[in-house]
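Enquirer: Take this structure first; my questions come after.
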Amino acid sequence: MKYVIVLGDGMADEPIEKIGGLTPLQKAVTPTMDMLAAKSEIGLAHTIPEGMSPGSDTANLAVLGYNPKKYYTGRSPLEALSIGVDMKTTDIALRANIVTVSEDDLPYEEKTIIDHSSGEITTAEAAQLLEAIKEVFDNETYKFYVGTSYRHLTIWDKGEVVPLTPPHDVLGQVVGQYLPADEKLKEMMVKSYDILNNHPVNIERAKKGLNKANSLWFWGAGTRPALDNFEELHNKKGVMISAVDLLKGIAVGAGMRNIIVEGADGTLHTNYEGKAMAAVNALLNEGADFAYIHVEAPDEMGHQGGLDNKIKAIEYLDGKVIKVVKDELDKAGVEYRMLIMPDHPTPIRCRTHTSSPVPYMLYDSVKELNSNLKYNEADAKASGNYTEEGYTVINKLFEE
């Protein structure tokens with residue numbers, strides 16, 4: 001038996017009046033998911049434990065079977081694992097986003113955060129900007145490391161886990177009340193605008209009508225993580241296929257193998273088929289028992305408030321990932337189970353994560369069910385299947 005999780009990050013949503021009270025998952029044309037739903041278990045899973053923030057960090061840990069209340073030590077430490085930074089026990093890791101804030105003559109504290117991803121800036125551009133940051137700020141206390149796209153890392157020697165606000169939670173708002181209480185972190189964010197706003201990379205971006213990547217934004221502080229080995233927990237050899245450092249870092253911490261797919265970049269136009277075929281190859285030819293295919297695009301489109309593009313991302317997930325995996329595994333004649341779900345909702349309404357339960361669909365190629373449900377939020381709720389502790393939903397996938 002082979003096992004697959006297809007994770008559409010932030011795919012779940014709320015009814016939207018503009019599309020007749022449907023959610024993007026209901027509105028999207030998804031023939032493969034519709035076909036599978038008629039033969040699958042449909043239900044809801046609560047991936048965000050009570051009292052914890054609804055992030056992709058806590059939620060993806062839960063989907064992989066790790067109780068976030070036990071294993072979560074912060075988002076950035078997981079990303080540090082992906083980047084290859086060996087944290088000391090006294091280190092604090094911080095996510096260092098490069099974001100877009102408003103260009104005006106107002107003091108930094110009165111500027112507005114426009115875009116948490118700087119128009120999905122390329123890693124190559126961001127690396128040049130981070131080099132300018134490092135020239136000014138890098139020292140024995142604060143070390144900066146290039147990540148992917150707008151997502152980068154700062155290691156704070158003998159630092160503190162201080163409260164910090166995720167930028168995607170405050171889009172369109174004046175930044176002042178959300179700046180760090182720690183004076184040095186705040187100072188670096190304020191000064192970063194002067195370093196970055198007129199950097200040649202941003203001058204070129206402005207000429208192209210793209211958002212400038214003109215400010216640092218610190219968040220996601222945490223200590224060195226310690227995850228139990230995935231294979232020892234589940235007796236399955238697993239691979240991770242993702243474009244983002246967070247998921248790659250979780251895989252490193254869990255002892256899973258990361259597969260890097262050319263053209264997989266976490267955007268709407270990522271290499272969907274390449275990710276699907278990498279999973280198939282790992283399962284059929286490389287001895288893997290389990291593949292985790294993480295697709296970032298629905299979440300990014302939710303943060304951008306792009307309804308049409310969120311629908312498109314779900315349709316791409318259906319036709320370019322789920323269909324490809326199903327067709328290839330069917331053709332190979334292997335028995336398999338596939339769990340399809342988001343980690344958390346990222347509703348168009350608020351452009352950030354919420355803690356609502358998410359719909360899951362579990363398909364078994366051997367034990368096909370008869371269901372009259374579709375795969376969406378409403379039918380998942382109507383099913384009556386509910387998993388309160390989301391970190392146990394993987395047990396449904398692996399149960400004998």
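Enquirer: Using Cα pairs closer than 8 Å and at least 6 residues apart in sequence, work out the relative contact order for segment 83-222, in percent.
Expert: About 37 percent, as a whole number.
Enquirer: Right, next: Using a simple spin-label model with points 7 Å from Cα along the Cα→Cβ vector, what separation in nm is obtained for K70 and D157?
Expert: The answer from the label model is 3.6 nm.
Enquirer: Arrange the peptides 358-364, 219-225 so that the one whose residues have, on average, the most other Cβ atoms within 10 Å appears first.
Expert: Top to bottom by mean Cβ count within 10 Å: 358-364, 219-225.
Enquirer: Would you calculate, for the chain, the mean residue ellipticity at 222 nm contributed by helices, counting each DSSP H stretch of 4 or more residues as -39,500 (n - 2.57) and dividing by all residues, to the nearest 500?
Expert: Helices in the chain give a 222 nm mean residue ellipticity of -9500 deg cm²/dmol.
Enquirer: Please tell me which of these pairs span more than 29 angstrom C-alpha to C-alpha: K207/K310; K275/K331; K70/K191; K18/K248; K69/K374?
Expert: K70/K191; K18/K248; K69/K374
Enquirer: List the residues, sorted by chain then number, that are 5 or more residues from K2 or on another chain and whose placed amide H is less than 5 Å from its amide H.
Expert: E335, Y336, R337
Enquirer: Calculate, for E17 and E110, the FRET efficiency according to 1/(1 + (r/R0)^6) with r their C-beta to C-beta distance and R0 45 Å; round to the nearest 0.05.
Expert: Given R0 = 45 Å and the Cβ-Cβ separation, E is 0.85.
Enquirer: Quick one: Karplus J couplings for segment 368-378, per residue in order, coefficients 6.51, -1.76, 1.60, θ = phi - 60°, nearest Hz, x for Gly and Pro?
Expert: With coefficients 6.51, -1.76 and 1.60, one gets 5, 9, 10, 10, 9, 9, 9, 8, 6, 5, 5 Hz.
Enquirer: Using the alpha-carbon centroid of each, what span in Å lies between segment 336-353 and segment 201-264?
Expert: 17 Å
Enquirer: Quick check: the distance between the Cα centres of segment 360-400 and segment 5-70, to the nearest angstrom?
Expert: So the separation of the two Cα centres works out to 11 Å.
Enquirer: Oh, and also: Which order do peptides 16-29, 344-357 fall in by mean Cβ count within 10 Å, highest first?
Expert: 344-357, 16-29
Enquirer: Take each of the peptides 243-256, 311-324, average the number of other beta-carbon atoms within 10 Å over its residues, and list them starting from the highest.
Expert: 243-256, 311-324
Readers should treat all values here as calculations from the given coordinates under stated rules, not as data from a laboratory. Please read all numbers here as calculations on a predicted model, not as lab measurements. Here the Cβ is made from the backbone with ideal geometry for all residues, glycine too, and neighbour counts use every protein chain on show.
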